[in-house]
1. Taking the chain as a Gaussian network, where each spring joins two C-alpha atoms under 10 Å apart, which residue of 75, 102, 136 fluctuates the most?
2. Angle check, please: helix 164-184 long axis (alpha carbons) against the longest principal axis of the chain (alpha carbons), in degrees 0 to 90, nearest 10.
3. Taking the chain as a Gaussian network, where each spring joins two C-alpha atoms under 10 Å apart, which residue of 99, 25, 154 fluctuates the most?
4. Once both axes come from the Cα atoms, what is the angle between helix 120-147 and the longest principal axis of the chain, in degrees from 0 to 90, rounded to 10?
5. Return a whole-number percent for the relative contact order of the chain, with Cα pairs under 8 Å and 6 or more residues apart as the contact set.
6. Expressed as an acute angle from 0 to 90° and rounded to the nearest 10, what is the orientation of the C-alpha long axis of helix 95-113 relative to the principal long axis of the chain?
7. Between 77, 139, 16, which gets the highest mean-square fluctuation from a Gaussian network model of the chain, Cα cutoff 10 Å?
8. Would you kindly derive the ³J(HN,Hα) couplings of segment 62-67 from the backbone phi angles with the Karplus curve 6.51 cos²θ - 1.76 cosθ + 1.60 (θ = phi - 60°), listing them in order in whole Hz, with x for Gly and Pro?
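Just so it is clear, none of the values below were taken in a lab; they were calculated from the coordinates. Because the structure is a prediction, the values reported are computed rather than measured.
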Amino acid sequence: MKRLKPIEITVGALFVCLMAIGANITVWFPFLAIPIGGATVPLSLQTFFAILAGLMLGKRLGSFAMITYILVGIVGVPVFAGMKAGPMQLATPTGGFIISFVFIALLSGWLVERHRNPTVPTYVLASCLGLAANYVIGVSLMYLAMNTWLELEISYVTAWAGMIPFLIKDIALSFLAGIFAVRIANRIPMNWKTAKAS
């Protein structure tokens, strides 16, 4: 595995912190938590930051930052939604969304890296690809959790229907992430594509 440079570790750590902040907006604004099928799903900015990690850091470093975030939460640091931690958080209805963050960064970063000079449509498309991974994985595992060990008896269609408020928010934020990434791509301390070539 290629050795990480200090700037890569620093920016990757920054995204770990952003994920923790994005996860816990409902700690300060409790009304942003929405009840679905007997469980409460918190509104967050994690999808936005995971997409941004892939767009700015690339598939390798972006997904590595998301893996690091998950591991930090698993070992007991309260970085998951609601200031929670521990491996059992991956078995909750929102556990699939936590797992999906790795794939969000991986896919969005992969699509941007395929283009030598990515444009706004490329970044937006990459954001939407990451968002699709987020919801396919997250909703599917939420449905599985509710209908197995939580015994809440919810249909797959209902699970998706309950996510509509979050989906609308995340679609808007995905477009914002794509536009935002374009504007700062050439202003960060290091050009990631150049770094990989060096």
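1. Highest fluctuation among the options: 75.
2. The two axes meet at around 10 degrees.
3. Taking springs between Cα atoms under 10 Å, the residue moving most is 154.
4. Computed tilt is about 30 degrees.
5. Relative contact order, the chain: 22 percent.
6. Helix 95-113 and the main axis of the chain meet at about 20 degrees.
7. So, out of 77, 139, 16, the one fluctuating most is 77.
8. x, 5, 5, 5, 5, 4
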